[in-house]
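Step one of this worksheet: look at the structure below.
Readers should treat all values here as calculations from the given coordinates under stated rules, not as data from a laboratory. Remember, it's a predicted structure, so these values are computed and weren't measured experimentally. Glycine gets a Cβ as well: all are built from the backbone with ideal geometry, and neighbour counts include every protein chain shown.
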Amino acid sequence: MPDRPIPGAAADLEPSSRPGVPMERAPQPMAGARMPIRPQHSDVRVFKHKGRAGFPPVFGTAQPPRGLSGLLRKVAYGYPDHWARHWMILLLADRVDVWEHRLARAAPWAVPTAGVLALTGVAWRKWARA
Amino acid sequence: MRALTYQGPFKVRVENKPDPRLEHPQDVILKVTRTAICGSDLHLLHGLVPDTRVGHTFGHEFTGVVEELGSEVTQLRKGDRVVVPFNISCGTCFYCQRGLTASCENSNPSSDVACGVYGYSHTTGGYDGGQAEYVRVPFADVGPLKIPDGMEDEEALFLGDILPTGYMGAEMGEIKGGETVVVFGAGPVGLFAMRSAWLMGAGRVIAVDCVQYRLDFAERYAKVETVNFREVDDIVLYLKDLFDGRGPDVCIDAVGMEAEGSVGQRVLGLGLKLEAGAPTVLTWCIDTVRKGGNVSIVGVYGPPWNLMPIGTAMNKGLTLRMNQCNVRRYMTHLLQHIREGRIDAKGIITHRFSLEDAPKAYHLFAQKQDGCVKCVLTPGHA
């Protein structure tokens with residue numbers, strides 16, 4: 001192996017030159033930070049897991065819960081996140097969510113198609129009896 | 001706007017969805033100029049991260065131009081070019097004040113395991129990500145770093161995640177000069193961990209993977225020795241033998257929950273979901289590193305549990321260090337390394353796609369086809 005395998009090898013040899021040393025530093029607000037943080041307002045339903053004391057001032061509002069998967073997520077967030085059932089119910093809700101979307105996407109053609117097939121079947125049976 | 005959306009395991013597509021809007025006075029809206037697919041996005045794609053909802057937009061590595069500002073934003077102006085850390089950090093909470101921005105307690109109501117993260121499921125706060133034309137960026141005066149004039153977006157893009165993550169991986173190895181370092185995983189984070197290990201004065205660096213083209217890339221890009229674990233009988237014994245039967249001083253896990261190498265772990269974790277993925281590399285790290293050595297974990301693992309040899313770690317007296325990267329505190333330092341030519345961040349990009357072709361890019365990246373190391377996406381307007 002060459003003495004200098006890459007340009008600048010050992011440039012950060014001194015641990016104090018590394019940004020993450022020590023990992024936990026003396027507390028001080030970060031540059032640009034503003035206090036107090038105003039709470040975000042939203043009409044969208046957002047879950048908080050049960051192990052958390054309060055709601056954070058900022059949160060995401062993408063893809064609000066809905067349908068059966070939303071109900072399952074509500075149940076899951078009723079448990080703290082150190083309980084396995086919290087995560088297992090969420091994984092189940094994810095799979096249910098996929099099927100709900102597939103059914104919703106298929107409904108515009110699947111419902112009329114099923115109707116036509118049912119009517120055809122009834123007509124066929126009547127014709128066969130006659 | 002056009003955005004990548006999750007449709008269920010192994011399926012994403014690009015479709016129209018409403019533009020993001022300012023939801024808090026400290027938000028900005030960014031017009032995305034470059035965004036990358038991260039290895040950890042594949043965990044989402046494969047349905048391994050709980051509370052990943054259909055319609056969710058992935059993407060936590062992106063650069064952009066400030067388009068709209070919240071009323072309390074003072075450090076940015078419309079038109080500023082910025083790169084954004086993947087962590088959403090307030091800068092004022094107990095953890096942010098101590099530099100642990102990945103543990104911010106003011107951005108994620110859903111879980112205590114992580115702070116808010118862009119495009120990484122509702123487990124990390126339910127924020128849509130940057131694989132879109134526009135993205136909402138909270139705490140905009142704290143996280144984003146302005147890209148200096150004359151610097152391309154692609155040179156700065158990886159300051160938002162994989163470069164600081166790789167650097168922190170090496171840093172947590174507590175290299176003091178001359179140590180032997182084994183990096184498991186020759187993907188983007190692993191490559192940056194290797195370069196960073198050299199920057200910190202490592203004496204010998206070895207990359208381990210099973211994808212030969214990535215090992216070849218690591219030899220060229222990071223000037224390391226390589227081992228393909230499929231070509232040796234027992235990777236742990238092989239690595240121990242390389243270092244007088246004791247093993248290396250430091251092992252870095254830059255793979256995480258979807259590791260190859262153990263059928264049993266893959267069946268349990270990825271097939272049956274009886275553990276959170278396959279901790280094969282973590283097990284190898286613990287078994288390989290010398291007694292009293294350091295194991296640094298930057299590969300992503302999820303809740304609730306994994307089968308790993310904690311008894312071996314205890315009896316060998318190992319130091320295990322791990323964290324999601326506290327990205328913001330590394331950005332300025334690593335920007336300097338890029339500008340002074342010590343790290344060629346852009347050099348790992350092997351593929352560029354338009355945002356519209358993102359599903360194709362995901363497929364290529366996930367299947368490790370065409371020599372793919374890193375994919376960058378460009379929205380139509382950029």
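Observations on the structure shown:
- For region B:78-224: relative contact order, % (alpha-carbon pairs under 8 angstrom, 6 or more apart): 17 percent
- Max mean-square fluctuation residue, GNM over chain A, Cα-Cα springs under 10 Å, options A:Met35, A:Met23, A:Met88: A:Met23
- Each stretch of four or more DSSP H residues adds -39500 (n - 2.57); spread over every residue of chain B, this sum gives -7000 deg cm²/dmol at 222 nm.
- Taking the inverse of the mean reciprocal distance over all distinct Cα pairs, the Kirkwood hydrodynamic radius of chain A comes to 21.6 Å.
- Under 29 Å from the Cα of A:Lys48 - lysines, other chains or at least 8 residues apart: A:Lys74, B:Lys11, B:Lys17, B:Lys273
- Here the Gaussian network model covers chain A, with springs between Cα atoms less than 10 Å apart; of A:Leu117, A:Leu68, A:Leu13, A:Leu13 fluctuates the most.
- For chain B: relative contact order, % (alpha-carbon pairs under 8 angstrom, 6 or more apart): 17 percent
- Geometric extent, Cα atoms of region B:55-96 - Rg, Dmax (angstrom): 12.6, 33
- Separation of alpha-carbon centers, region B:165-196 and region B:310-339, rounded to whole Å: 9 Å
- Three-way shape call for region B:101-240 based on the alpha-carbon gyration tensor, with the a/c threshold at 1.5: prolate
- Taking chymotrypsin sites (Phe, Trp or Tyr not before Pro) across region B:1-101, the ones in a DSSP loop with at most 14 further Cβ atoms lying within 10 angstrom of their Cβ are B:Phe10.
- Distance from region B:1-79 to region A:3-51 (C-alpha centre basis), Å: 20 Å
- Gyration tensor over alpha-carbon atoms, region A:64-130, equivalent ellipsoid semi-axes in Å: 42, 12, 8
- Here chain B has an Rg and Dmax of 19.8, 62 Å, counting Cα atoms alone.
- Between 0 and 90°, nearest 10: helix A:67-77 axis offset from chain A longest Cα axis: 40 degrees
- Debye-sum result for region B:1-111 in log10 I(q)/I(0), which assumes one identical scatterer on each alpha carbon, at q = 0.16, 0.20, 0.21 Å⁻¹: -0.93, -1.33, -1.39
- The charge dipole of the protein assembly as shown, taken about its Cα centre with unit charges on the Cβ atoms of Lys, Arg (+1), Asp and Glu (-1) only, comes to about 1640 debye.
- 0 to 90° range, to nearest 10: angle between helix A:84-129 axis and chain A longest Cα axis: 20 degrees
- Loop trypsin sites (Lys or Arg not before Pro), region A:1-67, which have at most 15 other Cβ atoms in a 10 Å radius of their Cβ (DSSP): A:Arg25, A:Arg45, A:Lys50, A:Arg66
- Cα gyration tensor of region B:163-322 - equivalent ellipsoid semi-axes, whole Å, descending: 22, 17, 15
- With both residues required to sit in chain B, DSSP beta bridges show an antiparallel share near 50%.
- Neighbours of B:Gly126 by Cβ distance under 13 Å: Lys/Arg scored +1, Asp/Glu scored -1, total +2.
- The relative contact order of region A:64-130 comes to 25 percent, based on Cα pairs under 8 Å that sit 6 or more residues apart.
- Dipole-positive endmost among B:His46, B:Ser71, B:Cys104 within region B:39-152 (Cβ charges, Cα centre): B:Cys104
- Hydrodynamic analysis of the protein assembly as shown uses the Kirkwood radius over alpha carbon pairs. Inserted into Stokes-Einstein at 10 °C and 1.306 mPa s, it gives a translational diffusion coefficient of 67 µm²/s.
- Antiparallel beta bridges, as assigned by DSSP with both residues in region B:163-322, represent about 0 percent of the total such bridges.
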